[in-house]
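> Please see the structure below; I have some questions.
The values are calculated or read from the model by the stated rules, or taken from the named source; none is laboratory data. Please read all numbers here as calculations on a predicted model, not as lab measurements. No Cβ is skipped: glycine too gets one built from the backbone with ideal geometry, and neighbour counts run over all protein chains shown.
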Amino acid sequence: MLDLSFDVRDGQILSIIGPNGAGKTTIFNCISGFYKPTQGNIVFDGQDITGLKPFKIAEAGIGRTFQNLALFKGMTVLDNIKLGAEIHLDYSVFSSLLFYGNARRTELGLRREIEEKIIDLLEIESIRHKVAGTLAYGLQKRVELARALAMKPKLLLLDEPTAGMNAEETNDMARYILDILEEFGIPMVLIEHDMGMVMDISDRIVVLDFGRIIATGTPDVIKNHPEVIRAYLGNVGE
């Protein structure tokens, strides 16, 4: 059982760190509706979303990436990204089949926003028509991030976005995350094991140890916190 409470503030990146098994991904699964908490409440944008189905939470404005890739490997990059916006499409089946009226306007507007903003921001123009499963791992992680952005989230949950990446790819991902914050103003919650990246881009950090919060604060506070050093960071502050 987790015993914790924290808030996510507008325009900030909140990172959650802790040893393996501390409960980090469990928190994301509760927020996004894959798990139902046994006690307590999750409030988002003034609404109690505790126990809602995942698609309802997505409709409320929470987007997510996953520690393990969850792309449709046989579909193109563009089609994968467009799937993220499906929750915002409200035209009828008949009009979508004929591609006219509201269906046409919505589809063209969606395509324009994805191609002119998201694809450009994440620098994946050259692969937009490639099959997702044929891409290198780092590019697939970028496509998954693009799909989450296509949901037009009010909050973005990033579960180990640099896992399995080399140093160059990690630096690029950190830059994309900061660009998203600057361009869209979307607050983000980040689970990440790369402490250099966490300390560089986070506004606040929550540290977990076996399901409880042992420290919360700015990167400077966290890297010098005695209990955090004992439980997790070691000599990262030196």
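To keep it simple, each residue is scored yes or no on (1) out of contact with any strand residue (DSSP E or B) (no Cβ under 6 Å at 6 or more places or on another chain); (2) closer than 19 Å to L122 by Cβ.
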site	(1), (2)
E168	yes, yes
D172	yes, yes
I186	no, yes
D209	yes, no
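> A further question follows. Checking L78 against (1) surrounded by fewer than 19 Cβ atoms within 10 Å (Cβ to Cβ); (2) closer than 23 Å to I186 by Cα; (3) more than 16 Å from the chain's Cα centre (by Cα), which single condition isn't satisfied?
(1)
> Additional query: Mind checking which residues of the range 158-171 are surrounded by fewer than 17 Cβ atoms within 10 Å (Cβ to Cβ) and of a type outside the set (G, A, S)?
Hits for the range 158-171 are N166, E168, N171.
> Considering (1) under 15 Å from I17 (Cα atoms); (2) surrounded by fewer than 19 Cβ atoms within 10 Å (Cβ to Cβ); (3) at pLDDT 95 or above, say which one L190 fails and leave the rest.
Single failed check for L190: (2).
> Right, something else. Being assigned to a helix (DSSP H, G or I), free of Cβ contacts under 8 Å to residues at least 24 places away in the same chain, within 20 Å of the chain's Cα centre (by Cα) and closer than 18 Å to L69 by Cα narrows it down to one residue among L149, L139, L145; which is it?
Only one candidate qualifies: L139.
> Return the only residue of L110, L155, L208 being modelled with pLDDT of 95 or more and surrounded by 14 or more Cβ atoms within 10 Å (Cβ to Cβ).
The conditions single out L155.
> Is it true that N41 is exposed (fewer than 13 other Cβ atoms within 10 Å of the Cβ), at pLDDT 90 or above, out of contact with any helix residue (DSSP H, G or I) (no Cβ under 7 Å at 6 or more places or on another chain) and part of a loop (DSSP other than H, G, I, E, B)?
yes
> Would you call Q67 in contact (Cβ under 8 Å) with a residue 60 or more places away in the chain and part of a loop (DSSP other than H, G, I, E, B)?
Numbers: in contact (Cβ under 8 Å) with a residue 60 or more places away in the chain: yes; part of a loop (DSSP other than H, G, I, E, B): yes.
Yes: the conditions hold for Q67.
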